[in-house]
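The structure under discussion appears below in the form of structure tokens.
Each value in this text was obtained by applying a stated rule to the coordinates, not by laboratory testing. Being a predicted model, the structure only gives us computed values, none of them experimental. As a convention, Cβ positions derive from the backbone with ideal geometry for all residues, glycine included, and neighbour counts pool all protein chains shown.
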Amino acid sequence: MLCGDFNAYNDETRDGFNSHLLGIAALGLADTAQSAARDTSLVPFASTFSGMGAEVDGAWQYRAVLADGRHIDYICANASAVANERQVVLGGGPGQGLRSIEVGGQPYMFQADGPMGSDHNPVYSHITFA
């Protein structure tokens, strides 16, 4: 297994920006976010890069959850691993969570008030090995 912040989106195609991702794949390690049987994230397609907010209705909003399906934080495993589920962990720490805020007549998910330790959301994967 190899886990970490690889600072390259999973759909990166530019030479030099994706070489480490290609090297990891060449070692026989696969991105469990791609192979997981289900995504249990509280917001479907949540990104692991939070950027402390996201664009909502044409304007950047602090704490808005970016839900573009992309990630820069990885849990990679070999072929003997089966990823049963994966999750982008949202909501901060104990007593915190998500809240829905209406912007421009549409509901958007925001991280609830409280500390945000990073511009990345943690990732979790439940893996069994054959």
Exercise for the section: For n ≥ 4 DSSP H runs only, could you compute -39500 (n - 2.57) per run for the chain, divide by its residues and tell me the 222 nm figure to the nearest 500? Expected result: -2000 deg cm²/dmol
Exercise for the section: Determine ³J(HN,Hα), in whole Hz, for all residues of region 107-116 in sequence, where each value follows from phi through the Karplus function 6.51 cos²θ - 1.76 cosθ + 1.60 and θ = phi - 60°; x replaces Gly and Pro. Expected result: x, 10, 8, 10, 5, 5, 4, x, x, 10
Completion exercise
Which residues qualify? For G53, with a placed amide H closer than 5 Å and at least 5 residues away or on another chain, they are R63
Practice task
Please label the shape of the chain as rounded, prolate or oblate, based on the square roots a ≥ b ≥ c of the eigenvalues of the alpha-carbon gyration tensor (a/c under 1.5 means rounded; beyond that, a/b larger than b/c means prolate, else oblate).
Solution key: prolate
Exercise for the section: Take peptides 26-33, 66-73 and line them up by average Cβ neighbours within 10 Å, highest first, as a rough protection proxy. Expected result: 66-73, 26-33
Exercise for the section: Give, rounded to the nearest 20 debye, the magnitude of the charge dipole that region 2-129 has about its Cα centre when Lys and Arg contribute +1 at Cβ and Asp and Glu contribute -1 at Cβ. Expected result: 260 debye
